[in-house]
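Structure first, commentary second.
The values are calculated or read from the model by the stated rules, or taken from the named source; none is laboratory data. Since the structure is predicted, the reported quantities are computational estimates derived from the model, not experimental observations. Here the Cβ positions follow ideal geometry from the backbone for every residue, glycine too, while neighbour counts run over all protein chains shown. SASA here: full protein model, heavy atoms, side chains in, ligands and nucleic acids out. Shrake-Rupley method; radii C 1.70, N 1.55, O 1.52, S 1.80 Å.
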Amino acid sequence: MILHNTLTGRAEPFAPAEPPEVRMYVCGPTVYGRAHIGNFRSFVATDLLRRTLRYKGWQVREVMNVTDVDDRIIQLATKAGQDLRTFTAEHIRSFHEDRAALRMDTPEFLPRATEHIPEMIGLVERLIPRGHTYTADGSVYFKISTFPEYGRLSRLDVSGIRAGARVDTDKYDKEDARDFVLWKAKEDEPEWAQWDAPFGRGRPGWHLECSAMSMKYLGETFDLHCGGVDLIFPHHENEIAQSTCATGKPFVRHWMHVTHLLVDNETMSKSKGNFYTIPDLVERGHRPDAIRYLLSAAHYRKPLNFTWDGLHQAATSIDKVHGFVRRLDEVDRNGPAAPAVEDTARKAREAFDRALEDDLNSPEALAAVHELVNEGNRLLVEGTLTREGASRLRGQIESMDTIFSVLLPGEDRLSPEEQALFDGRQEARRKREFQKADELRKKLEEVGVILEDTPKGTRWRRKL
């Protein structure tokens, strides 16, 4: 598979260091409010990548963090008269609701920053004796002058940053404006937003959080780090600096970044009135599967222009595929699959695979889906299809749907509510919370969904 690597600036072969497992980190939500469609542009793109890696036969160990402590969260929680956990709980719940509505796979790990403070403190303790830090007014800073490779990911000439310019949003005293904070001493903040550390009471910097959590679950060097292009600098640049200097090892082998979303060719903002969440779109009568389709329809490295017409077209495209699948299910003529059917399925599969292997070219992969539908409809009209032939074409659509998760009619998939229960059980099993897992299994059985745990994962079927 060819995948563009931001670190080298070119598309290059991707393969895990220790096959068959791919170790993958995705920068997740900062939970001060409900995630918007711009956030999900990036999350859906990385979900397509995850699914493609599994489609190609690799096992994926994915970590998506939840940032539940930062300046804005603390300010809003204080204003609401709540502590961090109470304030962020609703936003974390809504994120998982929206993720389920968009039929995203559940990562193997969804760590919260506030549950990994010891790991963050430990990372700072590794940096201090190596000479990469200094303290000012109780806060600990990373000194980027000690890391000559700083700026490589973003192609930034660090020496050209003028004095007084900031490379992050931290508003603290520094020796050098280019440095960034690792540990913040904030005496004016609530006690529930501070932790004790050997270098003073405070809280972690945002950049530190991702380094600590990714290395805990994936190791000090891992295969793939993903996020939006807005995170390249300074966030990912800072992650590389602090992680590499703490371990003495390369941090990430391959960086994948998703280009942002526009709304009617404009940047999205509340002031422009074009700021939308998933529930906003659903309340306007749009289907979650159409939203996912639209978010998948542009190449991840090109801007995606969100329009209402585009959403309608997405729904129409999905309905065309669903109608084809239903017509396949109605074929009742006996006999073997005709050579033309086998040829159609083969060409579709090859075009689909070729597109995904070419830097995750999702629009070309969708084009292969629709070419299969067009050719399949032609075979239906000609009367060429038998049950076996129809099953062959349906099987190809099912295989393609393991990537896009919108191609099969509703009766062939879990509802958002069922998916949330399914994902919750998977998470409970990973945490070895078996009583909770059993309770969620029973809830699924009550709505007619039967689970089967196999060595290759959990399968489901409708109760007969």
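Quick notes on this structure:
- Some residue of region 403-420 being open to solvent by 40 Å² or more (accessible area, probe 1.4 Å) and either modelled with pLDDT of 90 or more or touching a Gly at 6+ places or on another chain (Cβ under 6 Å) (or both): no
- Residue that is nearest to ARG10 (Cα to Cα), among those in region 114-160 that are outside any loop (DSSP other than H, G, I, E, B) and of a type in the set (Asp, Glu): GLU119
- Count of residues meeting criterion [open to solvent by less than 10 Å² (accessible area, probe 1.4 Å) and out of contact with any helix residue (DSSP H, G or I) (no Cβ under 9 Å at 6 or more places or on another chain)] in region 211-227: 2
- Filtered by the rule that a residue be at pLDDT 95 or above, among the aliphatic types (A, V, I, L, M) and farther than 13 Å from PHE180 by Cα, region 132-159 gives a lone residue, LEU153.
To keep it simple, each residue is scored yes or no on (1) small (Gly, Ala, Ser); (2) more than 30 Å from GLU119 (Cβ to Cβ); (3) touching a residue at least 24 places away in the same chain (Cβ under 8 Å).
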site	(1), (2), (3)
GLU239	no, no, yes
VAL252	no, no, yes
HIS260	no, yes, yes
HIS286	no, yes, yes
HIS299	no, yes, yes
VAL325	no, yes, yes
LEU328	no, yes, yes
GLY335	yes, yes, yes
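- Test result for ASP343, of a type in the set (Asp, Glu), loosely packed, with under 14 Cβ neighbours inside 10 Å and in a helix (DSSP H, G or I): yes
- Boolean, TYR32 is closer than 22 Å to PHE233 by Cα, in a strand (DSSP E or B) and not small (Gly, Ala, Ser): no
- Here ASP179, ASP168 are screened, and the one residue that is of a type outside the set (Phe, Trp, Tyr), modelled with pLDDT under 60, buried (at least 16 other Cβ atoms within 10 Å of the Cβ) and under 30 Å from ARG253 (Cβ atoms) is ASP168.
- Every residue from region 318-347 that is within 14 Å of LEU372 (Cβ to Cβ) and not β-branched (Val, Ile, Thr): LYS320, HIS322, GLY323, PHE324, ARG327, LEU328, ALA340, GLU342, ASP343, ALA345, ARG346, LYS347
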